């Protein structure tokens, strides 16, 4: 009877030790899994680094655009505004000409002078 008790306690001790190791392994596995894929894990850190890089590029682009707009606005101030340049740009953008301007239009050989002349022929 004593022998049966000793082997029973050895089996119980071995199973208890095995259960503790398995429990500790599962607990460590749980924390390792969440350290990698949790809200604050390694994958989230990589995503944040990528997002930060994209936003930094956008900030650089927007700063360059802002600098360009500031340069354009500075050209419109009365101290730096060139009336001839303003007149030239307004005419080019609106397709206007001054009545006293001489306009020379060029055309290629395959293009008729005007649609009205092409219809008359």
Worksheet item: Once label points are set 7 Å from the Cα along Cα→Cβ at both residue 63 and residue 90, what is their separation, rounded to one decimal in nm?
Response: 3.7 nm
Discussion item. Can you give me the Rg/Rh ratio for the range 2-97, using Cα atoms for both radii and the Kirkwood formula for Rh?
Written reply: 1.74
Worksheet item: Under a plain spin-label model, where a point goes 7 Å from the Cα along Cα-to-Cβ, how far apart in nm are residue 37 and residue 11?
Response: 3.8 nm
Discussion item. If I model a spin label as a point 7 Å beyond the Cα along the Cα-Cβ vector, how far apart are those points for residue 78 and residue 53 in nm?
Written reply: 5.1 nm
Worksheet item: Tell me, how many Å apart are the Cα centres for the range 85-106 and for the range 56-82?
Response: 26 Å
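Each value in this text was obtained by applying a stated rule to the coordinates, not by laboratory testing. Since this is a predicted model, take the numbers as computed values, not measurements. So basically every Cβ, Gly included, is an ideal-geometry build from the backbone, and we count neighbours across all protein chains shown.
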